[in-house]
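Colleague: Pasting a structure here, questions to come.
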Amino acid sequence: MKISDLIEETYLALISNKARSGLTILGIVIGIGSVIAMIAIGQGTQASIKSSIESLGSNLIMIRPGVQRTAGSAVSAGRGSAQTLTVEDSEAIRDEIELAKAVAPAVSGRYQITAKGSNTNTQVIGTNADYTKVKNISVDDGVFFTEQQSRSGAKVAVLGPTAAEDLFGTSTSPIGQKIKIKGIEFKVIGTTITKGSSGMDDQDDVVYIPLAAAQRYFTGNEYVSTINVQAASEESMEDLQNQITDLLLERHNIADSASADFSVMNQADIVASASSIAGTLTLLLGAIAGISLVVGGIGIMNMMLTNVTERTREIGLRKAIGAKKREISLQFLAESVMLTFLGGLIGTAAGWIVALGVQHFGNIAIEVSMASVAMAFGVSAAIGIIFGYYPAKRAASLSPIEALRYE
Amino acid sequence: MIECRNIKKIYKNGGSESLVLKGLSFNINPGEFVAIIGPSGSGKSTMMHILGALDKATSGEYLLDGKNVSVLSEDKLAEIRKKKIGFVFQSFNLLPRATALRNVILPLVYAEMPKEERDKKAKEALKNAGLDEKYYDYKSNQLSGGQMQRVAIARALVNDPSIILADEPTGNLDTKTGEIVLATFQELNKKKDHTIVLITHESNVAEHADRIIFIRDGEIVEDKKNPRKVLAGRINYID
């Protein structure tokens with residue numbers, strides 16, 4: 001039998017039972033579709049996490065307070081709640097470590113802000129002038145506060161674009177206006193250019209004020225919650241990380257680095273750990289979707305077995321007019337592969353559409369990779385062969401005499 | 001053309017063996033119209049399976065066009081069926097959802113004949129089998145019994161087989177339609193020189209053949225030319 005005839009025979013067999021073929025295909029469509037959609041969502045999430053972490057700043061090292069242990073106590077305070085880092089630490093890093101290009105200590109909190117009757121609740125970051133360097137912030141209008149202002153605690157503020165719009169609208173310039181943070185009046189001296197959302201929080205919905213002002217009016221102490229350090233180059237990141245660790249251990253009088261009361265993370269570590277979480281998520285989603293693919297495959301096998309039984313006489317006849325064993329098994333195999341292949345085709349399209357829908361309505365980034373599409377086709381064809389093999393073999397091994405007599 | 005020498009068939013069923021054919025020997029010459037008749041259980045169906053290369057004899061020789069079929073492998077038997085044998089069954093065995101024409105084309109598909117050629121051949125066979133042209137594109141399950149058997153006959157003769165085997169071809173038809181189908185066989189035999197072997201248990205069906213072989217209990221009890229045919233002046237029958 002020629003290939004073109006095989007395809008024609010297969011086509012005729014499948015359309016002669018449209019409902020059953022359609023339902024069987026549906027099983028594969030759901031399987032392949034969910035694999036495609038899940039992987040697209042997983043990979044999209046992975047990519048967006050990576051890019052949003054990278055947008056935080058380049059060659060960035062973050063120092064955060066670590067676990068604080070009190071002598072004689074077995075209980076340690078939670079990470080991040082500890083107060084171990086000070087402005088002096090950050091100044092020591094800037095003065096003593098040459099590789100540190102910019103050092104920006106910061107404290108942050110969410111407060112109610114009012115301006116001329118409008119009000120908003122937003123994140124207030126107290127920091128210094130170097131913050132613009134380490135976080136890739138550009139000033140749109142006006143100026144950022146100076147190092148001098150950040151030390152003295154001048155009551156000035158720089159608004160992120162979202163915060164500026166919430167407080168002053170789009171028509172009036174906020175420069176020179178007054179805002180009240182927790183009742184304390186600040187003068188707006190600048191606005192920044194948009195940075196976009198990083199998924200979890202809006203990097204534009206923020207108000208920057210001098211560090212000393214934030215400590216004086218809001219936190220009430222001299223600790224900082226983060227010290228951001230920018231390395232001169234990507235290559236010097238590791239050296240810088242080591243030097244910072246050594247310096248802070250010495251300053252905090254800790255001999256053993258394992259009991260450090262701070263942690264030094266570089267951006268690559270953050271990206272790696274975040275994308276490994278997202279990667280695991282992708283795998284999990286894909287595995288769940290894969291189960292439905294197996295169920296679809298079993299559906300194919302079930303249909304093909306029913307088919308072989310129902311068409312026993314046809315098989316007998318085909319053998320009587322000269323079909324070889326191989327031609328019979330190829331025909332049934334071709335039917336199951338065509339079903340799964342069609343299922344793969346429609347499933348890929350359906351999965352893609354679902355993923356696009358999720359992107360559009362759910363605001364989750366997606367990424368349909370050619371690899372996952374190729375995999376979907378490979379897997380669906382493989383399922384056709386694997387689950388079609390046994391029924392096809394059963395059809396081919398029927399005795400023509402028995403098959404022709406079958407009622 | 002067909003030579004059967006001492007054909008024996010033993011069926012093994014668990015421990016017991018039953019001898020279904022007890023050493024049959026006969027020849028069928030090209031262009032003959034032979035009926036094999038016998039009661040049920042006589043072994044005539046088994047004989048048909050062996051003649052049709054669907055089954056192999058346990059011992060003995062079956063020579064078709066000089067080739068010993070009884071020693072061939074399963075795939076070689078399929079090859080023989082494809083090239084040399086046309087089957088007509090009691091229950092037609094057409095593909096129900098395929099058109100009449102497609103059913104006739106099917107053997108040519110396995111013979112890998114080019115598309116244009118096989119269309120022409122199939123139409124010719126349908127014409128010879130006496131099916132009206134307007135039914136060619138009917139689904140076979142929309143046809144009457146007589147029409148279905150005509151399609152089946154066309155399918156049997158489409159690749160010019162050495163022998164057409166008809167197994168109770170009138171069994172599912174009423175008497176009148178059966179007569180028409182049998183007349184078609186006679187015509188194919190007389191005008192187109194097809195060799196036809198008709199297997200039946202009804203003597204009035206067997207009467208349409210030129211020669212009748214009686215089988216009972218796995219043995220040939222009588223092998224004679226059909227006296228009615230001779231009396232009717234079928235002078236082309238030569239012993």
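Colleague: From the list A:ALA102, A:ALA92, A:ALA115, A:ALA157, pick out the single residue that is open to solvent by less than 20 Å² (accessible area, probe 1.4 Å) and under 25 Å from A:GLU54 (Cα atoms). Spell out the reasoning first.
Modeller: Details: A:ALA92 fails: under 25 Å from A:GLU54 (Cα atoms); A:ALA115 fails: under 25 Å from A:GLU54 (Cα atoms); A:ALA157 fails: under 25 Å from A:GLU54 (Cα atoms).
Answer to the check: A:ALA102.
Colleague: Further question: Out of all the residues in region B:174-185, is one or more touching a strand residue (DSSP E or B) at 6+ places or on another chain (Cβ under 7 Å) and open to solvent by less than 60 Å² (accessible area, probe 1.4 Å)?
Modeller: Of the residues in region B:174-185, the ones touching a strand residue (DSSP E or B) at 6+ places or on another chain (Cβ under 7 Å) are B:185.
Next, from what is left, pick out any that are open to solvent by less than 60 Å² (accessible area, probe 1.4 Å): B:185.
Yes - at least one qualifying residue is present in region B:174-185.
Colleague: Another question, then. Go over the candidates A:GLY44, A:GLY22, A:GLY31 one by one and state the one that is touching a Leu at 6+ places or on another chain (Cβ under 7 Å) and more than 14 Å from chain B (Cβ to nearest Cβ). Step through it out loud before you land on a result.
Modeller: Values: A:GLY44 fails: touching a Leu at 6+ places or on another chain (Cβ under 7 Å); A:GLY22 fails: touching a Leu at 6+ places or on another chain (Cβ under 7 Å).
Exactly one residue qualifies, and that residue is A:GLY31.
Colleague: Now a separate question. Residue by residue through region A:311-325, note down the ones that are part of a helix (DSSP H, G or I) and either open to solvent by less than 10 Å² (accessible area, probe 1.4 Å) or more than 8 Å from chain B (Cβ to nearest Cβ) (or both).
Modeller: From region A:311-325, those part of a helix (DSSP H, G or I) are A:312-320, A:325; that's our starting set.
Result: A:THR312, A:ILE315, A:GLY316, A:LEU317, A:ARG318, A:LYS319, A:ALA320.
Colleague: Then there's this: Mind checking whether some residue in region B:78-88 is open to solvent by 30 Å² or more (accessible area, probe 1.4 Å), of a type outside the set (Asp, Glu) and at the interface with chain A (Cβ under 9 Å from one of its Cβ atoms)? Don't jump to the end; show me each part of the working.
Modeller: Pass one, region B:78-88, residues open to solvent by 30 Å² or more (accessible area, probe 1.4 Å): B:79, B:83-84.
Next, from what is left, pick out any that are of a type outside the set (Asp, Glu): B:83-84.
Okay, now just the ones that are also at the interface with chain A (Cβ under 9 Å from one of its Cβ atoms), so B:83.
Yes, region B:78-88 has at least one match.
Colleague: I'm told A:SER51 meets every condition in (1) without any contact (Cβ under 8 Å) to a residue 24 or more places away in the chain; (2) within 14 Å of chain B (Cβ to nearest Cβ) except one. Can you identify the failing condition by its number?
Modeller: Result: A:SER51 passes all but (2).
Colleague: Looking only at region B:101-120, filter to residues that are closer than 16 Å to B:ALA152 by Cβ and either among the hydrophobic types (A, V, I, L, M, F, W, C) or in contact (Cβ under 8 Å) with a residue 60 or more places away in the chain (or both); which one of those is surrounded by the most Cβ atoms within 10 Å (Cβ to Cβ)?
Modeller: B:VAL104
Colleague: Does any residue in region A:1-15 that is at the interface with another protein chain (Cβ under 8 Å from one of its Cβ atoms) come within less than 6 Å, Cβ to Cβ, of a residue that is open to solvent by 70 Å² or more (accessible area, probe 1.4 Å) six or more places away or on a different chain, and which pairs are these?
Modeller: A:LYS2/B:GLU112
Quick grid of which residues meet (1) surrounded by fewer than 17 Cβ atoms within 10 Å (Cβ to Cβ); (2) touching a strand residue (DSSP E or B) at 6+ places or on another chain (Cβ under 6 Å); (3) free of Cβ contacts under 8 Å to residues at least 24 places away in the same chain; (4) among the charged types (D, E, K, R):
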| site | (1), (2), (3), (4) |
| --- | --- |
| B:LYS9 | no, yes, no, yes |
| B:GLU17 | yes, yes, yes, yes |
| B:VAL20 | no, yes, no, no |
| B:LEU24 | no, yes, no, no |
| B:ILE37 | no, yes, no, no |
| B:LYS44 | no, yes, no, yes |
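Colleague: Report, ordered by the first and then the second residue, all pairs with beta carbons closer than 8 Å, sequence separation of six or more or different chains, a first member in region B:49-60 that is away from chain A (no Cβ under 12 Å), and a second member that is among the hydrophobic types (A, V, I, L, M, F, W, C) and open to solvent by 30 Å² or more (accessible area, probe 1.4 Å).
Modeller: Note: pairs meeting the criteria are B:THR58/B:ILE10.
Colleague: Which of the residues that make up region B:208-224 are open to solvent by 30 Å² or more (accessible area, probe 1.4 Å) and in contact (Cβ under 8 Å) with a residue 60 or more places away in the chain?
Modeller: Of everything in region B:208-224, those that are open to solvent by 30 Å² or more (accessible area, probe 1.4 Å) and in contact (Cβ under 8 Å) with a residue 60 or more places away in the chain turn out to be B:PHE214, B:ARG216, B:ASP217, B:GLU219, B:ILE220, B:ASP223.
Colleague: Return the residues of region A:136-171 that are part of a helix (DSSP H, G or I), in contact (Cβ under 8 Å) with a residue 60 or more places away in the chain and over 22 Å from A:GLY183 (Cβ atoms); say none if nothing qualifies. Please lay out each step first, then the result.
Modeller: Step one: filter region A:136-171 for residues part of a helix (DSSP H, G or I), giving A:147-152, A:161-168.
Okay, now just the ones that are also in contact (Cβ under 8 Å) with a residue 60 or more places away in the chain, so A:149-152.
A:ARG151, the sole residue that qualifies.
Colleague: Being more than 9 Å from chain A (Cβ to nearest Cβ) and in a helix (DSSP H, G or I) is the filter here; which residues of region B:92-108 pass it?
Modeller: Narrowing region B:92-108 to residues more than 9 Å from chain A (Cβ to nearest Cβ): B:92, B:99-101, B:103-105, B:108.
Across region B:92-108, the qualifying residues are B:ALA100, B:LEU101, B:ASN103, B:VAL104, B:ILE105, B:LEU108.
Colleague: Now for a separate question. Outside any helix (DSSP H, G or I), under 30 Å from A:THR245 (Cβ atoms) and out of contact with any Cys (no Cβ under 6 Å at 6 or more places or on another chain): which single residue out of A:SER263, A:SER275 fits that description? Before the answer, list the steps.
Modeller: On the way: A:SER275 fails: outside any helix (DSSP H, G or I).
Testing whether each residue is outside any helix (DSSP H, G or I), under 30 Å from A:THR245 (Cβ atoms) and out of contact with any Cys (no Cβ under 6 Å at 6 or more places or on another chain) leaves just A:SER263.
Colleague: If you don't mind, another one. Specify which of the listed residues (A:VAL271, A:VAL294, A:VAL308) is away from every other protein chain (no Cβ under 14 Å), in contact (Cβ under 8 Å) with a residue 60 or more places away in the chain and either of a type in the set (D, E, K, R) or under 30 Å from A:ASP89 (Cα atoms) (or both). Walk me through how you get there before you give the answer.
Modeller: Values: A:VAL294 fails: either of a type in the set (D, E, K, R) or under 30 Å from A:ASP89 (Cα atoms) (or both); A:VAL308 fails: either of a type in the set (D, E, K, R) or under 30 Å from A:ASP89 (Cα atoms) (or both).
On inspection, the qualifying residue turns out to be A:VAL271.
Colleague: When you check A:GLY351 against the structure, is it in contact with a Ser or Thr (Cβ under 6 Å, 6 or more places away or on another chain) and either part of a loop (DSSP other than H, G, I, E, B) or open to solvent by less than 70 Å² (accessible area, probe 1.4 Å) (or both), yes or no? Break it down stepwise before answering.
Modeller: Numbers: in contact with a Ser or Thr (Cβ under 6 Å, 6 or more places away or on another chain): no; either part of a loop (DSSP other than H, G, I, E, B) or open to solvent by less than 70 Å² (accessible area, probe 1.4 Å) (or both): yes.
Spelling it out, it is not the case that A:GLY351 is in contact with a Ser or Thr (Cβ under 6 Å, 6 or more places away or on another chain) and either part of a loop (DSSP other than H, G, I, E, B) or open to solvent by less than 70 Å² (accessible area, probe 1.4 Å) (or both).
Colleague: When you look at B:LEU131, is it outside any helix (DSSP H, G or I), within 13 Å of chain A (Cβ to nearest Cβ) and among the aliphatic types (A, V, I, L, M), yes or no?
Modeller: no
Colleague: Which residue is farthest from the other protein chains (Cβ to nearest Cβ), if the candidates are limited to region A:378-398 and must be without any contact (Cβ under 8 Å) to a residue 60 or more places away in the chain and open to solvent by 50 Å² or more (accessible area, probe 1.4 Å)?
Modeller: Taking region A:378-398 and keeping what is without any contact (Cβ under 8 Å) to a residue 60 or more places away in the chain, we get A:378, A:381-382, A:385, A:389.
From what's left, open to solvent by 50 Å² or more (accessible area, probe 1.4 Å): A:385, A:389.
Details: A:ILE385: 22, A:TYR389: 20 Å.
Taking the candidates together, the pick is A:ILE385.
Colleague: When you go through B:LYS123, B:LYS190, B:LYS134 one by one, which is the residue that is surrounded by fewer than 23 Cβ atoms within 10 Å (Cβ to Cβ) and modelled with pLDDT under 90?
Modeller: Working: B:LYS123 fails: modelled with pLDDT under 90; B:LYS134 fails: modelled with pLDDT under 90.
Result of the check over B:LYS123, B:LYS190, B:LYS134: B:LYS190.
Colleague: With A:LYS187, A:LYS195 as the choices, which residue is among the charged types (D, E, K, R), without any contact (Cβ under 8 Å) to a residue 40 or more places away in the chain and within 20 Å of A:SER138 (Cα to Cα)?
Modeller: On the way: A:LYS195 fails: without any contact (Cβ under 8 Å) to a residue 40 or more places away in the chain.
On inspection, the qualifying residue turns out to be A:LYS187.
Colleague: If I go through region B:149-167 residue by residue, how many of them are more than 12 Å from chain A (Cβ to nearest Cβ), of a type in the set (A, V, I, L, M) and not in a helix (DSSP H, G or I)?
Modeller: 3
The values are calculated or read from the model by the stated rules, or taken from the named source; none is laboratory data. The shown structure was predicted, so the numbers you read here are calculated from the model rather than taken from an experiment. Using ideal geometry, Cβ is built from the backbone for each residue, glycine included, and neighbour counts are taken over all protein chains shown. Surface accessibility is based on the protein's heavy atoms, side chains included, excluding ligands, DNA and RNA. Shrake-Rupley method; radii C 1.70, N 1.55, O 1.52, S 1.80 Å.
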